[in-house]
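The values are calculated or read from the model by the stated rules, or taken from the named source; none is laboratory data. None of these values were measured; they are calculated from a predicted model. Because the Cβ atoms are built from the backbone with ideal geometry, glycine has one as well, and the counts that use them run over all protein chains shown. Remember, those area values only see protein heavy atoms, side chains included, never the ligands or the DNA or RNA. Shrake-Rupley method; radii C 1.70, N 1.55, O 1.52, S 1.80 Å.
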Amino acid sequence: MNITDPITILLSIILCLFVAFLFYGRKNKRNIYHNFPPGPKPLPFIGNMLIFNTKKPYETFKQLSQKYGSVFTIHIGEEKMVVLTGYETVKDALVNHADEFSERAKVPLFHDILKGHGVVFSHGENWKVMRRFTLSTLRDFGMGRKTIENRISEESDCLVKHINSYKGKPFDNNMIINAAVANIIVSILIGHRFDYEDAKLLRLMKIINENMKLAGSPMSLLYNTYPTVMRWFPGFYKTVANNVEEMQRFISETFTARKKQLDVNDQRSLIDTFLVKQQEEKPGPELYFTNENLKVLVGDLFVAGMETTSTTLRWGLLLMMKYPEIQRKVQNEIENIIGSSEPQVIHRKDMPYTDAVIHEIQRFGNIVPNNLPHATTQDVTFRGYFLPKGTQVIPLLTSVLYDENHFEKPEEFYPEHFLDASGNFVKNEAFIPFSVGKRSCAGETLAKMELFMFFTRLLQKFTFQAPPGAELDITPVIGLTWSPKSHMICAMPRT
Ligand code: HEM
């Protein structure tokens, strides 16, 4: 080899740079991560994937926290994640260090499709602006107030009518409950409701359900672990992306039509309010009220507002079928306090048992078990460990909702977790199904109102029971959210 040959020289330089980069990179990594939380030793390329109980991931987390404490590290592929377990630790991070833990981790699948727009998977200043807008607009359109209470009451009537049409025969309640709940958020987003048979609504719910399943599937884990490799196998990504694109097309068509009729003095929906803000926004290097943010934000709220609340309601009905004596007690309280009039939020304070049952449905149902992934906004020292800016953090909600130090019988459905000896409702600080802190659920007030109103109306009108001979299985389907397995129910009208 001629060492004066220009190609050899060039190759030697590249090789030196590569070695230097490897050495420097590793050295730097060692410096950054020298006081990182402990955890199981990762294998090259796959990290700790082999130790996971895929059917019961929480069992693995539980064992790891027993061994390493309430702050530990796991490796998914090459990615490090810090897991926080137990009420005290999760609260310490999300409430006492609220700013430091308020960033959303960049999950490759969502980031590739949504590009950081909207609110749920957005970051930095864009997230702050979109979150502020979301909270204030949801409030303006009646979240937590009489306007929305009336809307939910009307929708409950439609739901009851629809369920009545089955005349006590078995049916699958998935799409119907989805549709009733979807209509509440849709009325805020676009200003009208859909019929339960509306082809557009059915299609939107179908693609959302499909994406929720895909996002919680092993393919999604694979994509998020090896995004660079997985981009070469576009099948899975394409299905998820096409579904999102279809939903966004519908949203774009809706707001393009609204743009033409927009009246600043008569804003009828969140889309109208966004479009007004868009007109008012001053030109500058950073624009927030863009069409991209509008499309993703409306999609975020539609998905977050429908899927979670309807899944919780379906858990509620399934658990009532499983525990008929609890269902009976709720119905007795409804008879005593509401009678045959329409349930209203104001009744809740006089219904401690029903309130406790709804809380227990949310605790036991544990529908967002892993929370959404957070990240640190800056370098932070937490409980003696150093977490550099950008560290992925999982504040594990299961470990809080099933925390033995806060719930007497965490593995059981036990409404007494929220009752004192005299039957009064008691709060429990570890009840955080909506998470806590700066990133906590933006629709909590709306969801709580929907759960109380729909649940009481349904139990006022029907007794729910399993079809004759059917087994009731309350093991969850593991996905992005944990939902009941597909099942049939019988709604027996109450006279
Ligand atoms: C039972 C119903 C619901 C449950 C259990 C639930 C739970 C959650 C959880 C655990 C998070 C993640 C919090 C975190 O990152 O720390 C979240 C985020 C969010 N939820 Fe909900 N949610 C529910 C209903 C709703 C509804 C009805 C809406 C819409 C109006 C909504 C809108 C959102 C939004 C926008 C976020 C993202 C917040 C952010 O990143 O700043 N949710 N929710």
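Candidates in the stretch 100-134 are the residues that are hydroxyl-bearing (Ser, Thr, Tyr) and in contact with a strand residue (DSSP E or B) (Cβ under 9 Å, 6 or more places away or on another chain); of these, the one that is nearest to Gly390 (Cα to Cα) is Ser102. Can you confirm whether the stretch 207-229 contains a residue that is basic (Lys, Arg) and farther than 30 Å from Thr463 by Cβ? Yes. Looking only at residues of the stretch 349-364 that are assigned to a helix (DSSP H, G or I) and touching a strand residue (DSSP E or B) at 6+ places or on another chain (Cβ under 9 Å), we find that the one that is nearest to the ligand (Cβ to nearest atom) is His359. When each of Lys259, Lys282, Lys277, Lys213 is tested for being surrounded by fewer than 19 Cβ atoms within 10 Å (Cβ to Cβ) and in contact with a Gly (Cβ under 7 Å, 6 or more places away or on another chain), the lone residue that passes is Lys213.
Of all residues in the stretch 108-126, those that are under 16 Å from Leu301 (Cα atoms) have Cβ atoms under 6 Å from Cβ atoms of residues that are within 13 Å of the ligand (Cβ to nearest atom) and charged (D, E, K, R), 6 or more apart or on another chain, in Gly118/Asp300; Val119/Arg131; Val119/Asp300; Val120/Asp300; Phe121/Arg104. Inclusion of Ile474 among residues that are in a loop (DSSP other than H, G, I, E, B), within 16 Å of the chain's Cα centre (by Cα) and touching a residue at least 12 places away in the same chain (Cβ under 8 Å) is not warranted. The residues of the stretch 411-447 that are open to solvent by 70 Å² or more (accessible area, probe 1.4 Å) and polar (S, T, N, Q), listed by number, are Ser422, Asn424, Thr445. Restricting attention to the stretch 285-329, the residues that are away from the ligand (no atom under 16 Å from the Cβ) and either open to solvent by 40 Å² or more (accessible area, probe 1.4 Å) or out of contact with any helix residue (DSSP H, G or I) (no Cβ under 7 Å at 6 or more places or on another chain) (or both) total 13.
Within the stretch 53-73, the residues that satisfy the criterion of being under 22 Å from the mean Cα position of the chain (by Cα) and outside any loop (DSSP other than H, G, I, E, B) are Pro57, Tyr58, Glu59, Thr60, Phe61, Lys62. Residues that are over 16 Å from Asn243 (Cβ atoms) and either within 13 Å of the ligand (Cβ to nearest atom) or part of a helix (DSSP H, G or I) (or both) within the stretch 189-207 comprise Leu189, Ile190, Ala199, listed in sequence order. For Val400, the conditions (1) free of Cβ contacts under 8 Å to residues at least 12 places away in the same chain; (2) buried (at least 21 other Cβ atoms within 10 Å of the Cβ) are fulfilled apart from (1).
On the stretch given as the stretch 330-348, residues that are acidic (Asp, Glu) and either open to solvent by less than 20 Å² (accessible area, probe 1.4 Å) or part of a loop (DSSP other than H, G, I, E, B) (or both) total 1. The helices (runs of 4 or more DSSP H) located wholly in the stretch 85-182 that include 2 or more residues which are within 12 Å of the ligand (Cβ to nearest atom) and open to solvent by 40 Å² or more (accessible area, probe 1.4 Å) occupy 124-140.
Among residues that are open to solvent by 50 Å² or more (accessible area, probe 1.4 Å) and more than 16 Å from the ligand (Cβ to nearest atom), Pro493 is included.
The residues on offer are Ile188, Ile177, and the sole one that is touching a residue at least 40 places away in the same chain (Cβ under 8 Å) and in contact with a Phe, Trp or Tyr (Cβ under 7 Å, 6 or more places away or on another chain) is Ile188.
Answer with yes or no whether Val186 is under 25 Å from Asn242 (Cα atoms), crowded, with 22+ Cβ neighbours inside 10 Å and at pLDDT below 95. Answer is yes for this residue. Out of curiosity, is Leu451 open to solvent by less than 20 Å² (accessible area, probe 1.4 Å) and at negative phi? For Leu451, the condition - open to solvent by less than 20 Å² (accessible area, probe 1.4 Å) and at negative phi - is met. Any residue at all in the stretch 229-244 that's crowded, with 19+ Cβ neighbours inside 10 Å and in contact with a Gly (Cβ under 6 Å, 6 or more places away or on another chain)? No, because not a single residue in the stretch 229-244 is crowded, with 19+ Cβ neighbours inside 10 Å and in contact with a Gly (Cβ under 6 Å, 6 or more places away or on another chain).
For the stretch 365-387, the candidate set comprises residues that are of a type outside the set (A, V, I, L, M, F, W, C) and open to solvent by less than 10 Å² (accessible area, probe 1.4 Å); within that set, the residue that is nearest to the ligand (Cβ to nearest atom) is His374. When Val393 is tested against (1) under 30 Å from Glu325 (Cβ atoms); (2) crowded, with 22+ Cβ neighbours inside 10 Å, just one condition goes unmet, and that condition is (1).
The lone criterion from (1) modelled with pLDDT of 95 or more; (2) surrounded by fewer than 17 Cβ atoms within 10 Å (Cβ to Cβ) left unmet by Lys55 is number (1).
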